[in-house]
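Read through the structure below, which is laid out as C-alpha cells, and then see the notes.
The values are calculated or read from the model by the stated rules, or taken from the named source; none is laboratory data. Quantities reported herein were computed from a predicted structural model and do not represent experimental measurements. With ideal geometry, Cβ positions are generated from the backbone for all residues, glycine too; neighbour counts draw on all protein chains shown. Only protein heavy atoms, including side chains, enter the accessible area calculation; ligands, DNA and RNA are left aside. Shrake-Rupley method; radii C 1.70, N 1.55, O 1.52, S 1.80 Å.
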Amino acid sequence: MKYKYLFIFLLSINCTSIYAQKKVNNQKISSDYREVILGTTEEYQKLPHLKLKSASAEDFDQLPETNFWTMPKVEKANHHFYIQTSKGKQKFKIYSNEGNQKGWNGYELLGYSHLLSLYAISSNSSSEGIGFGELFLLDPKNSFKYHISSFGDWYVSLPVPSTQHKNFAYYHNTQYQHKNSDIGILKFNAKAAAGKAFKPVASLHSDEFAVEEMRWADDNILYIKGFEEIYNCDKWIKKYKYYRAALSDL
C-alpha cells in the first residue's frame, strides 16, 4: 500500500513539474515573440572583427551625411509619451535625470525612421550619480522591440544605415577614456519575419580612437571618423584620424 501512495506522490510531482515547465516555456515564447536582444558580448565574440585601413579626411568628407533618424511628434501627457502600435497605444514614462541619488527610471524618445517605420527609444536609469541606458527599436506594425545591447553603461549610438539599407553600423565610446570605442554591424532584411529583421554580423573594439561619426560609401564600405583627446595648453583638443572597413574583408 505504501508503494502505491509513493507512486501517486511521484506522479503528482512529475505532473506539477511538467505543468510548471510548460508555463515557463509559454512565457518565454510569448516574450521572445515581442522582443529580441541583439549584439551581446557573447554573440559578437563568435563573429568576425572589422579590419581597418587608414583613410583620409577627404575620403570621409566627400560622403554625404545621413539624416536617417528624425524627431517625431508624439502625444505627451503627465510625464509620459505615447506611441500607437498594432497592439494598442504604448505608454512610456519620460526619463529625467535630476541628480536623484536613489535612481530614476524612464524612457527617452531618440528618433523615428520614416523609411523603416521604426522608433528609436532608450530605457534609462541613474544610480549614485552614474547613468545607465539601453537602446531599442520599436516596430509599431507588430509592437516588436529590437534591443541593442550596450558595450558599456550608456546606450549605443543610433544605427547608421548603408546606402541601400542592407547594413547598419552603431558605436559606443568608453566613458572616462580618451580613445576607446566599440562598433557593431547589423545586417538588415526588410522581408524577414517580426523579430528577424536585424542580425549582428561583425564588431570592433579599439583602444586607439573614439568615434566621432560614421558614414557608408555603399552597402559594403564603412568610413569612420575617429579621434583621440589630447591635453594641450590647458585644454582638451581632439586629434582626428580616419579609417575604412569593408564587410567583404570579413
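For segment 238-246, does any single residue satisfy the condition of being assigned to a loop (DSSP other than H, G, I, E, B), open to solvent by 50 Å² or more (accessible area, probe 1.4 Å) and either without any contact (Cβ under 8 Å) to a residue 40 or more places away in the chain or under 24 Å from Leu138 (Cβ atoms) (or both)? Within segment 238-246 (the criterion being assigned to a loop (DSSP other than H, G, I, E, B), open to solvent by 50 Å² or more (accessible area, probe 1.4 Å) and either without any contact (Cβ under 8 Å) to a residue 40 or more places away in the chain or under 24 Å from Leu138 (Cβ atoms) (or both)), the answer is no, since none of the residues qualifies. Considering (1) within 17 Å of Lys145 (Cβ to Cβ); (2) modelled with pLDDT under 95; (3) within 19 Å of the chain's Cα centre (by Cα); (4) open to solvent by 30 Å² or more (accessible area, probe 1.4 Å), the lone condition that Leu116 does not fulfil carries the number (4).
One line per residue, one yes/no per condition, for (1) in a loop (DSSP other than H, G, I, E, B); (2) among the β-branched types (Val, Ile, Thr); (3) loosely packed, with under 13 Cβ neighbours inside 10 Å; (4) modelled with pLDDT under 95:
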{"site": "Phe7", "(1), (2), (3), (4)": "no, no, yes, yes"}
{"site": "Leu10", "(1), (2), (3), (4)": "no, no, yes, yes"}
{"site": "Asn14", "(1), (2), (3), (4)": "no, no, yes, yes"}
{"site": "Lys22", "(1), (2), (3), (4)": "no, no, yes, yes"}
{"site": "Asn26", "(1), (2), (3), (4)": "no, no, yes, yes"}
{"site": "Ser31", "(1), (2), (3), (4)": "no, no, yes, yes"}
{"site": "Ser54", "(1), (2), (3), (4)": "no, no, yes, no"}
{"site": "Pro64", "(1), (2), (3), (4)": "yes, no, yes, yes"}
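If you go through segment 125-144, how many residues are surrounded by 18 or more Cβ atoms within 10 Å (Cβ to Cβ) and either of a type in the set (A, V, I, L, M, F, W, C) or within 21 Å of Tyr82 (Cα to Cα) (or both)? Result for segment 125-144: 8. Among the residues in segment 146-164, are any on the phi > 0 side of the Ramachandran plot, surrounded by fewer than 16 Cβ atoms within 10 Å (Cβ to Cβ) and part of a loop (DSSP other than H, G, I, E, B)? There is no residue in segment 146-164 that is on the phi > 0 side of the Ramachandran plot, surrounded by fewer than 16 Cβ atoms within 10 Å (Cβ to Cβ) and part of a loop (DSSP other than H, G, I, E, B). Cβ separations smaller than 6 Å between residues 6+ apart or across chains give the following pairs from segment 209-233 residues that are of a type in the set (Ser, Thr, Tyr) to residues that are open to solvent by 50 Å² or more (accessible area, probe 1.4 Å): Tyr223/Arg244. Of the residues that sit in segment 205-250 and are touching a Lys or Arg at 6+ places or on another chain (Cβ under 7 Å) and acidic (Asp, Glu), which one is farthest from Gln62 (Cα to Cα)? Applying the filter and picking the extreme gives Asp207. Look at (1) in contact with a helix residue (DSSP H, G or I) (Cβ under 9 Å, 6 or more places away or on another chain); (2) outside any loop (DSSP other than H, G, I, E, B) and you find that Ser125 fails only one, number (1). Residues in segment 128-145 that are part of a loop (DSSP other than H, G, I, E, B) and among the charged types (D, E, K, R) were compared, and the one that is nearest to the chain's Cα centre (by Cα) is Lys141. For segment 189-237, the tally of residues that are in a strand (DSSP E or B) and crowded, with 18+ Cβ neighbours inside 10 Å stands at 18.
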